[in-house]
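What follows is a short report on a single structure.
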Amino acid sequence: MPRQKPMAPPDYFDAAYFRRWYGDSKSRAFTRSDKEKRADFVLSYLHLLDVPVKSVCDVGCGLGHWRDALGQRRPRLTYLGVEVSPFLCQRFGWHQASAADFRPKRQFDLVIAQSVLHHLNAHDCAQAIHNIASYCRGALYLEVATTHDWRTVIDRKHTDPAVYRRTGTWYKTQLARHFVSVGGGLFLAKRAGVALLELERG
């Protein structure tokens, strides 16, 4: 079967895209305060689990809200922003790459992939998860809407509809090869060797 082309080419994520989904209060999907709350949760939960967070890779980092939120809480951590958008890479100096082909030579304590994987077709999405597993030595924070989410909880006024919609089972199957869910969008890398009680698993 020939490889599918990605739905959204890099230039899809231009200045107008980010004005609509991140700047306009009537349509924006995320705010700085949203990332601050998530950063508090992620860092607190990983601290509870004794998972150190000294290095972070943010795949699809967008405007850098995660960098700011994490930096305020952990000023000494190292952060790498990875972004497919030429517009944002030129503006902020992010490392330009797609999650489907980004393969760094180092590993990170925490990898973030928020609202990224649904922009990739099934082949590229599976490859992205495999890639992330290769450079995640601690935890993955993942947010992606499933077909069930689109039917039940997604606010379509604040969500880009031009995405691939897949079942939760599809994602869980891909992730289970490398990660253990601990709830709240957090997945521990199996290589991290963290001991979990049965009911701590998502």
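The values are calculated or read from the model by the stated rules, or taken from the named source; none is laboratory data. Only a predicted model underlies this, so the values are computations on that prediction, with no experimental measurement involved. Cβ atoms come from the backbone with ideal geometry, glycine included; neighbour counts cover every protein chain shown.
What to note about this one:
- HIS178 surrounded by 13 or more Cβ atoms within 10 Å (Cβ to Cβ) and either over 17 Å from ILE112 (Cβ atoms) or more than 18 Å from the chain's Cα centre (by Cα) (or both): no
- Filtering segment 142-185 to residues that are in contact with a Lys or Arg (Cβ under 7 Å, 6 or more places away or on another chain) and touching a residue at least 24 places away in the same chain (Cβ under 8 Å) leaves THR146, HIS158, HIS178, PHE179, VAL182.
- From GLY93, GLY138, GLY60, residue being over 23 Å from ALA176 (Cβ atoms) and small (Gly, Ala, Ser): GLY93
- Among the candidates VAL116, VAL111, VAL153, residue that is surrounded by 17 or more Cβ atoms within 10 Å (Cβ to Cβ) and over 19 Å from LEU43 (Cα atoms): VAL116
- Subset of segment 1-57 (residues that are at pLDDT 70 or above, under 17 Å from the mean Cα position of the chain (by Cα) and part of a loop (DSSP other than H, G, I, E, B)): VAL53
- Residues of segment 56-92 satisfying the condition of being more than 19 Å from ASP40 (Cβ to Cβ), of a type outside the set (A, V, I, L, M, F, W, C), surrounded by fewer than 22 Cβ atoms within 10 Å (Cβ to Cβ) and touching a residue at least 12 places away in the same chain (Cβ under 8 Å): THR78, PRO86
- If only residues of segment 58-80 that are touching a Lys or Arg at 6+ places or on another chain (Cβ under 6 Å) and not aromatic (Phe, Trp, Tyr) are counted, the one that is modelled with the lowest pLDDT is HIS65.
- If you go through segment 164-186 and keep only what is among the aromatic types (Phe, Trp, Tyr), modelled with pLDDT of 95 or more and either in a loop (DSSP other than H, G, I, E, B) or within 10 Å of ILE129 (Cβ to Cβ) (or both), you end up with TYR171, PHE179.
- Number of the condition not met by TRP170 [criteria: (1) in contact with a helix residue (DSSP H, G or I) (Cβ under 9 Å, 6 or more places away or on another chain); (2) farther than 26 Å from ASP109 by Cα; (3) of a type outside the set (D, E, K, R)]: (2)
- When LYS190 is tested against (1) at pLDDT 95 or above; (2) surrounded by 15 or more Cβ atoms within 10 Å (Cβ to Cβ), only condition (2) is not met.
- ARG76 being over 19 Å from LEU188 (Cα atoms) and over 15 Å from the mean Cα position of the chain (by Cα): yes
- Flag for ALA139 being within 15 Å of the chain's Cα centre (by Cα), buried (at least 16 other Cβ atoms within 10 Å of the Cβ) and touching a residue at least 24 places away in the same chain (Cβ under 8 Å): yes
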